[in-house]
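Chemist: A single structure is presented below for examination.
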Amino acid sequence: MAERGASGGGSGGDSLDKSITLPPDEIFRNLENAKRFAIDIGGSLTKLAYYSTVQHKVAKVRSFDHPGKDMEQDHEPPYEISVQEEITARLHFIKFENTYMEACLDFIRDHLVNTETKVIQATGGGAYKFKDLIEEKLRLKVDKEDVMTCLIKGCNFVLKNIPHEAFMYQKDSDPEFRFQTNHPNIFPYLLVNIGSGVSIVKVETEDRFEWIGGSSIGGGTFWGLGALLTKTKKFDELLQLASKGRHANVDMLVQDIYGGAHQTLGLSGNLIASSFGKSATADREFSKEDMAKSLLHMISNDIGQLACLYAKLHGLDRVYFGGFFIRGHPVTMRTITYSINFFSKGEVQALFLRHEGYLGAIGAFLKGAEQDSPNQYSWGENYAASSGLMSTSPELCPTQRARSGTFDLLEMDRLERPLVNLPLLLDPSSYVPDTVDLTDDALARQYWLTCFEEALDGVVKRAVASQPESVDAAERAEKFRQKYWSKLQTLRHQPFAYGTLTVRSLLDTREHCLNEFNFPDPYSKVKQKENGLALKCFQSVTRSLDSLGWEERQLALVKGLLAGNVFDWGAKAVSDVLESDPQFGFEEAKRKLQERPWLVDSYTRWLQRLKGPPHKCALIFADNSGIDIILGVFPFVRELLFRGTEVILACNSGPALNDVTYSESLIVAERIAAMDPIICSALREDRLLLVQTGSSSPCLDLSRLDKGLAVLVRERGADLVVIEGMGRAIHTNYHALLCCESLKLAVVKNAWLAERLGGQLFSVIFKYEVPTQ
C-alpha cells in the first residue's frame, strides 16, 4: 500500500528522508498547520497525534442576484457555482518505531509554523525516557498524562466514531476478521490491556471507569521467559517462532494422562492438562518453536480465563483486548480468542480493535484539547490517507507482516455536526446498513472491485472536465487515479483493511480520494445543467398529473419517481446512455422501466394504504439531481402535502456523484415554489422542511445522521420513511427494519446486481413495509 514505509532499521541520527522511502510530507501531512500535539511512547513504538486545520476546495451554489434571470433565456443555468476555500479540522495519528524518534522530531521541528501550543501531552513508559529529547528538539514542554486514562479515552473515541472498529478474530475463516456493528451505546465494557502485565478495567461511562483486577503474568512474562528459553531477544521474532511451533510436543495433554478414557469424562483429548508438562520427563531437546508456542498458550489461557471470570462477575459480555501483547498479531489474537471461547462456553466475545495501537495517543490528545471540546463533534476516518489493518504493498505477499521500518497512518476529519441514529430504527443495536458484505462474498467482491477499476477512467475524465480553468487539473486527476487504484489493489489482497468491505465503502473511499486532490464536486456542472432542464419541464409534468383520475395519478407518481431514479451517473449502464444520447429524457426513462409486476412489487398494498387516512409526516431521502428530484420526488412530495401529510425532505450535506445536495435542494425548492402554490404555501407554513443528512455518500447509513434531522423527526412524529435510489435502498437499507411504515424504491441499473436479485437491467424494486405490531 502506498502509505507504508520501507522495511529496515534506522538510527536516531539519520535524516528522515534517508530512513524511509515515503516522502516525509506524505507521513507528517499538513504539519505547517498543526495546532496541538500529543505523543504515546511505548517500549518499541511511538504514536504521534496532532490536530491541524486543512484548507480544501468546496463547490458552492447560490441563486443569481436577480430571481427569474434563468427563465429569461433557455440556456441560462438556474444558479451559479463557485469553488471556494474552506477550512476544516483534521486529526493525524502516526505510528513509527522508536529508532526513528530523533529523525522524526527533527523533521517536525523544521516544519512547524503555526502551532498554538507550548505543551505536548505525553503518555506511555517512554514519555519519561524521551522527555528531555522531546523538549530539546521541539521546544515544547512535556506534560505527562496517566496511561490508563488515555487508553480509556482513546477507546471510547474510536468506538463512537469508527463504525467498523471492533472485530472478532476467527482463525479458519476467509477472511479471518469479523467486524462488529457498533452498538449505539458503547457502555459498559471490559478493557483488558496486555502490556508487560495485565490490567483489567471496567468502563461504565465516558468519565467513569474502574481498575478491577489484573495479573503480573502478561506480555513481559512471555517476552522474558521466551528469551530465556529460546535465546531470542525480539518480541516479534518470538511470536514468529510460536507461529511455527507445535505445543503438543511440549505440553501434556488430557489424552496423555487418560488415554482413550478422556471421552468418558466429557473432555477433549487435545486439551492442555499441563503446560510444559512433557519437559519434566522427556530426556530430549525441545525446539525453540515448540517452546515458544507452549509459552504463548500458557500466558494466553491464563489471561483468557482471568478476563472471563471478571466479565462474568460484572455481567459484561463485551471484552476488548489491547496492548503490546496483541498489536494486531494473528497468533496472539487466535490464542486469546480460543481461550475466551473455551472458558466462557461462547458467552463472552473476545473483541479486538483496528486502531488499538493509537488508543493512548488519541486519549492523550483529547486530554490536551479538552477546551476545544473535541468530543462534542463527530469524526470520520479519511480512507484516502489512512493505512489499513495489516496493510502491506500489493506486490508483496498478502500475509507478509513486515513491521520494521513501517509508518502507519490514521486520519480523522471533523464533521460539521454530530451524527446520531435515526430514531425510527426498530433496533439500532442490530441495524446493519449494508446489504452485501463483500469481505465474505468473494464473487461479489471480485465483481465490484473490477467494476470500480473499469469506471476509473471515466471518473478521471469527469474530474478534469469539472475544472476547465485549472492548469493542473489533469495532473491532480492522475494522482487521484494512482491513489484510488492503489486502494483497490490493497482491498483485493486485504478486503478487511478498512473494516467490512461494501459497495458503500468503495464509493466513500473514491469520494475521499477525489477530495484529497481537490475535486470536491466533479458533477457540479452536470447537475447544474440537468436541474435547469428539469425545472423547465416541472409545470407540464404536474399539469399532466393533475389531469389524471386519483388512482391513475398514484401509479403515474410512482412511475415518475422510478423514472427519475434512472438518471444516475454513478451507474455505467446509465452514464453510457446519457453520454451517447443527450436527448434521453423523462419519457424515455419511463419506457426503460420494467412492466408490472415488478421484481419486488408491493404497489397494490401501498395503493390500499393511500385510501386510508393521511400519514402525519413523511421523511424522504432524495437521491439524484435533475429529473430525479424535480420531476420524480417533488411531484410525489406535492401529492403527500395535498393529502395533508407534512414532509421532511433530506438531502446529502456534501456532494457525491450527481446526488442532490442540501444547498442545491434549497435553490430547486425556491424555483419550484415560484411555479407551484402547493409547494409555496407548504414551505411558507413549515409543512415542507428541507434538511441535510450529515452524509456525503451515495449510500445511506441510518445510524450516522445529522442530529438536527433526528430531532426534527421526533418533533414532527414522522410515521413514513421513503428511501429512493440504488445506493440508499438496495446497496444499503434493503433489509433495514423501521418502527414505522417505509417505502424503498429503486431501479436496478447494474446488470450483475439485477441478475443477483433475480431480475434484469432496469428491473424495479418497490418495497412497501409495515412494522409487525
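The values are calculated or read from the model by the stated rules, or taken from the named source; none is laboratory data. Source: prediction; values computed, not measured. A quick note on method: Cβ atoms are made from the backbone with ideal geometry, for glycine too, and the neighbour counts reach across all protein chains shown. In case anyone asks, the SASA skips ligands and DNA or RNA and just uses the protein heavy atoms, side chains included. Shrake-Rupley method; radii C 1.70, N 1.55, O 1.52, S 1.80 Å.
Chemist: Using a 1.4 angstrom probe and counting only protein chains, how large is the accessible area of GLU85 in Å², to 10?
Modeler: The value for GLU85 is about 100 Å².
Chemist: Could you state how much accessible area TRP223 has, in square angstrom rounded to the nearest 10, with a 1.4 Å probe and all protein chains kept in place?
Modeler: Solvent-accessible area, nearest 10 Å²: 100 Å².
Chemist: Just tell me which lysines come within less than 16 Å, Cα to Cα, of LYS153; anything on the same chain fewer than 8 places away is out.
Modeler: Qualifying lysines at Cα under 16 Å: LYS47, LYS144, LYS202, LYS367.
Chemist: Accessible surface of HIS111 in the full protein assembly, 1.4 angstrom probe, to the nearest 10 Å²?
Modeler: 80
Chemist: Using only the alpha-carbon atoms, how far is helix 147-161 inclined from the longest principal axis of the chain? Give it as 0 to 90 degrees, nearest 10.
Modeler: 30
Chemist: Return the sequence-ordered ³J(HN,Hα) values of region 25-33 in whole Hz as given by the Karplus equation 6.51 cos²θ - 1.76 cosθ + 1.60 applied to θ = phi - 60°, using x for Gly and Pro.
Modeler: Each residue's phi maps through the Karplus curve to give 6, 8, 9, 8, 6, 6, 5, 5, 10 Hz.
Chemist: Then there is this: So if each residue of separation counts as 0.36 nm, and I subtract the Cα-Cα distance between LEU309 and THR772, what length gain in nm does that give?
Modeler: So the chain would gain 162.7 nm between LEU309 and THR772.
Chemist: Next question. Could you state the angle between the C-alpha long axis of helix 330-344 and the longest principal axis of the C-alpha atoms of the chain, as a value from 0 to 90 degrees rounded to the nearest 10?
Modeler: 90
Chemist: Sequence-distant or interchain residues sharing an amide H contact under 5 Å with LEU599, placed H: which?
Modeler: The list, which skips near neighbours in sequence, is VAL764.
Chemist: Below 8 Å, C-alpha to C-alpha, sequence gap of six or more: please give me the relative contact order for region 685-744 in percent.
Modeler: About 34 percent, as a whole number.
Chemist: Students often get this wrong: which residues of region 588-606 have the backbone nitrogen under 20 Å from the point 7 angstrom along Cα-to-C-beta of TRP550?
Modeler: Taking a point 7 Å out along Cα→Cβ of TRP550, the residues of region 588-606 whose backbone N falls under 20 Å are 603-606.
Chemist: Something else about it: If you take the beta carbon distance between ALA455 and GLU26 as r and set R0 to 25 Å, what does 1/(1 + (r/R0)^6) give as a FRET efficiency, to the nearest 0.05?
Modeler: 0.45
Chemist: Using Cα pairs closer than 8 Å and at least 6 residues apart in sequence, work out the relative contact order for the chain, in percent.
Modeler: 13
Chemist: So if each residue of separation counts as 0.36 nm, and I subtract the Cα-Cα distance between ARG284 and GLN446, what length gain in nm does that give?
Modeler: 53.3 nm
Chemist: Give me the Kirkwood hydrodynamic radius of region 284-323 in Å, from all C-alpha pairs, to one decimal place?
Modeler: Its Kirkwood hydrodynamic radius stands at 12.0 Å.
Chemist: Please label the shape of the chain as rounded, prolate or oblate, based on the square roots a ≥ b ≥ c of the eigenvalues of the alpha-carbon gyration tensor (a/c under 1.5 means rounded; beyond that, a/b larger than b/c means prolate, else oblate).
Modeler: prolate
Chemist: Can I ask one more? Measure nothing but the geometry: give the 0 to 90° angle between the long axis through the Cα atoms of 503-516 and the longest principal axis through the Cα atoms of the chain, rounded to 10°.
Modeler: On a 0 to 90 degree scale, this one is about 90.
Chemist: Okay, moving on. At 222 nm, what helix-only mean residue ellipticity would the chain give, in deg cm²/dmol to the nearest 500, using -39500 (n - 2.57) for each DSSP H run of four or more?
Modeler: -12000 deg cm²/dmol
Chemist: Using a 7 Å offset from the Cα along the Cα-to-Cβ direction at both SER216 and LYS529, what is the distance between the two label points in nm, to one decimal?
Modeler: 7.6
Chemist: On to the next question. For SER199, SER386, what's the largest-to-smallest order of accessible area, 1.4 Å probe?
Modeler: In descending accessible area the options line up as SER199, SER386.
Chemist: Now for a different question. Sort LYS95, LYS234 by heavy-atom solvent-accessible area, probe 1.4 angstrom, most to least.
Modeler: Greatest to least solvent exposure: LYS234, LYS95.
Chemist: Express the relative contact order of region 666-718 as a whole percentage, based on alpha carbon pairs under 8 Å and six or more residues apart in sequence.
Modeler: Computed over region 666-718, the figure is 21 percent.
Chemist: Could you tell me the calculated FRET efficiency between ASP236 and ILE81, based on Cβ-Cβ distance and R0 = 56 angstrom, to the nearest 0.05?
Modeler: Once rounded, the FRET efficiency stands at 0.60.
Chemist: A further question on this structure: Would you please give the residues with an amide H less than 5 Å from that of TYR189, counting only those at least 5 places away or on a separate chain, with H modeled from the backbone geometry?
Modeler: The list, which skips near neighbours in sequence, is VAL203.
Chemist: Non-local amide H neighbours of GLY499 (under 5 Å, H modeled in plane, Pro and chain starts lacking H): which ones?
Modeler: Here LEU389 satisfy the definition.
Chemist: Using the heavy atoms of the protein chains alone and a 1.4 angstrom probe, what is the accessible area of the chain per residue in square angstrom?
Modeler: With the other protein chains kept in place, the chain gives 41 Å² per residue.
Chemist: Given N residues in region 649-773, what is its alpha carbon radius of gyration divided by 2.2 N^0.38 Å?
Modeler: Ratio of Cα Rg to 2.2 N^0.38 Å: 1.16.
Chemist: Moving on to the next point. For the chain, what % of the accessible area comes from carbon and sulfur atoms, probe 1.4 Å?
Modeler: 50
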